[in-house]
Amino acid sequence: MDVLGSFQHLLGGFGVATTMQNLFYCLAGAIVGTLVGVLPGLGPIAGIALLIPATFGLNATSAIIMLAGIYYGAMYGGSTTSILINVPGETASVMTCIDGYQMARQGRAGPALALCAIGSFVAGGLAILGLVFLAPPLAEAALAFGPPEFFSLMVFGFVVLSNVTGGSLLKSLMMAVVGLLIGTIGLDPVSGNPRFTFGQVSLLGGIEFVAVAIGLFGIAEVLDNVEKPDAILEQRVLVPRFRELYPTLHDLRESLGAILRGAGLGFGVGLVPGPAPVIATYGSYMLEKRISKHPEEFGHGAIRGVAGPEAANNAACQSAFIPLFVLGIPFAPPTAILLGALMIHGVNPGPNMIAEHPDLFWGVVASMFIGNAILLLLNLPFVPLFANILRIPKKILLPLVMLFCLTGMYSVNNFLVDLWVMLGCGALGYLMRKWAYEGAPLLLALVLGPKLEVAFRQSLMISHGSFGIFLGRPVSLVFLLATLGFLLVPLAMRLVRTSGAPRRAA
Amino acid sequence: MAAAVALFLLGAAAVFFSLQLPLGTLRAAGSGLFPLALGVLLMGLSACHAAQLLLASRSAAGAAGERPESYRRVLLFLGVVAATTALLTSVGFLLSAFCFLLALMEILGVRPRLMSLLVSLVTAGFSYLLFVRWLQIPLPKGWLGL
């Protein structure tokens, strides 16, 4: 598909995205996403998972427009709490705390919030343009992928995600295997035989991934907050007034370069497996600090330390849709939830998705442009309004979130067993946090497990039982070698460090 | 270490139950082959992790232990969620939601109590209108029949 073709399809997408219904759901997604981002703890994963049941009566396009809006809306909203109370609304906003909160302490919360919104808008828009022009040729290239390539790519994704989530690689890999094991419960995707159902009809459809997601990320977050001291649970925030929000021309000039660099960096990072927004924001902050003439200002309210990471965050979030739509493989937990939502609505993302569901693909892409514009409007003048939600003490907010989790989960299938699974996963997620186990690899593996198994078994069928098929196909071999590299490099580095330490000591 | 042991046992259970399923051959894998491989992998990884922990605990012998934390509220919270789940069908959504919120706010020590009462009442009523009346989600009616 050429550039002109992409433009024509995008125009068609605007026709889909600008119907009254889709505009409404885009607006709803943007508002809910901003709220989810503003609320510390309730990140985009739990936010999307909670809202999936509300999309059951909708067509797939409207549903994905709203859920995607929650994802990128949360990225906008996440910066608000980082700047105002030094608590990141979601993990990708951690870097924004450093200089954003310092700016707030200097009485410049308004410009910091405004530049976050402007940076997110510019970077988001550029990343969507990248999505428009890069997705169709990538999808055509991915048509040549067979089961061995998909298997190796998924294994690569798991290992990279496990390696970059910040915790122990071994623990993350174990969580990925546990997720894959949970994914085997239900009907065998190849033969249709029941597995690990122990005669329970409700388990034939497998473990409800929404229950696992809400449990691991929603309930566990609430429980984690519950044990905090009363002082934190009663914390309130001072919100800037509307007239304090505007940045000066100097602020804008100062931030423009950082925004553009952040957009480029974030876009690239979003295309590879891992928690892209987190890596992109960290990379952007370090880049800005390194190239700055005044690196000593970073950590003390440097505006480029706010604008760059926020731009990178949004660009990474938008470009993460490319592997989801083009390969059908989510490289990050929020897109894993979106994959689940797509499948619930009968859409199987992959290389054929653009051809099979052009209205959905181009409609969602066009809605992202509209959603970004809505978010800029919401986040500039209305930031004080959204930040007002932080005035509600957590002591009241936590029970409300818990009720929403319970009701949202029950409305997915109307099965009580799902509530028990959610509760169990909530307790498990809480313990996992205590023991420093990551939930993201488990969730990603749970969603991708059946696909991985099918690709594995089909590959062996094609090769008549020979594992050589994974090494004999160039693309598959490249992914496996990259996987090996990701596994061995940290080990080698650790060995070098430990062998160097005694020498230094001597 | 407890987590590593639990994961090892989970892997062992996966191996045990996978062996009850048809394994097939590599050319035509049966239902049990993939989970069997995963079970073995989990056992191997958790054994490595346990070994790592043992080595680390030996080198860090004498280090200060973790600060003890209060799990009381967390357990109470989980207890209320479990009780609500168990009683949801018979008590119904509206009453369950009200009692659920009231109990959780009491655990968190929201004061004055009149505020918890009002917030619980308004939120339960609003949720009922939103989910049951507006979104038409068939939530349990219970004794009240609402």
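The values are calculated or read from the model by the stated rules, or taken from the named source; none is laboratory data. None of the values given here were measured: they were computed from a predicted structure. Positions of Cβ are backbone-derived with ideal geometry, glycine not excepted, and every protein chain shown enters the neighbour counts.
Some points to look at:
- Conditions (1) modelled with pLDDT under 85; (2) in contact with a His (Cβ under 6 Å, 6 or more places away or on another chain); number of the one not met by residue A:89: (2)
- A Cβ distance below 7 Å, combined with a sequence gap of six or more or placement on separate chains, defines the contacts here; from the stretch A:380-408, residues that are at pLDDT 85 or above reach residues that are in a helix (DSSP H, G or I) and of a type in the set (S, T, N, Q) in the pairs A:398/A:225; A:400/B:123; A:403/B:123; A:403/B:127; A:406/B:84; A:407/B:127.
- Pairs linking a residue in the stretch A:95-123 that is without any contact (Cβ under 8 Å) to a residue 40 or more places away in the chain to a residue that is small (Gly, Ala, Ser), with Cβ atoms under 6 Å and 6 or more positions apart or on different chains, are A:97/A:82.
- Which numbered condition residue B:94 misses (of (1) at pLDDT 85 or above; (2) surrounded by fewer than 15 Cβ atoms within 10 Å (Cβ to Cβ); (3) in contact with a Leu (Cβ under 6 Å, 6 or more places away or on another chain)): (2)
- Enumeration of residues in the stretch A:166-191 that are under 18 Å from residue B:15 (Cβ atoms) and either surrounded by fewer than 17 Cβ atoms within 10 Å (Cβ to Cβ) or over 22 Å from the mean Cα position of the chain (by Cα) (or both): A:181, A:184, A:185, A:188
- Whichever residue in the stretch A:257-279 is modelled with pLDDT under 85 and not β-branched (Val, Ile, Thr) and, among such residues, is surrounded by the fewest Cβ atoms within 10 Å (Cβ to Cβ): A:271
- Single residue of the stretch B:107-125 satisfying the filter (at the interface with chain A (Cβ under 10 Å from one of its Cβ atoms) and not small (Gly, Ala, Ser)) that is farthest from residue B:72 (Cα to Cα): B:123
- For the stretch B:1-36, filtered to residues that are facing chain A (nearest Cβ under 9 Å), closer than 30 Å to residue B:56 by Cα and small (Gly, Ala, Ser), the residue that is surrounded by the fewest Cβ atoms within 10 Å (Cβ to Cβ) is B:2.
- Note on the stretch A:192-219: among residues that are crowded, with 16+ Cβ neighbours inside 10 Å and facing chain B (nearest Cβ under 10 Å), the one that is nearest to residue A:431 (Cα to Cα) is A:219.
- Restricted to the stretch A:109-188, the set of helices (runs of 4 or more DSSP H) holding at least 3 residues that are more than 30 Å from residue A:246 (Cα to Cα) and within 14 Å of another protein chain (Cβ to nearest Cβ) comprises A:147-164, A:169-183.
- Considering residues of the stretch A:464-487 that are closer than 16 Å to residue B:27 by Cβ and in contact (Cβ under 8 Å) with a residue 12 or more places away in the chain only, the residue nearest to the chain's Cα centre (by Cα): A:470
- Which numbered condition residue A:199 misses (of (1) farther than 22 Å from residue A:305 by Cβ; (2) at pLDDT below 80): (2)
- Scanning the stretch A:29-47 for residues that are at pLDDT 80 or above and of a type in the set (Gly, Ala, Ser) yields A:29, A:30, A:33, A:37, A:47.
- Unmet criterion (only one of (1) assigned to a helix (DSSP H, G or I); (2) without any contact (Cβ under 8 Å) to a residue 40 or more places away in the chain; (3) of a type outside the set (A, V, I, L, M)) for residue A:199: (1)
- Here residue A:305 passes the criteria (1) surrounded by 24 or more Cβ atoms within 10 Å (Cβ to Cβ); (2) under 23 Å from residue A:441 (Cβ atoms) except the one numbered (2).
- Residue within the stretch A:23-34 that is closer than 21 Å to residue A:345 by Cα and free of Cβ contacts under 8 Å to residues at least 24 places away in the same chain present: yes
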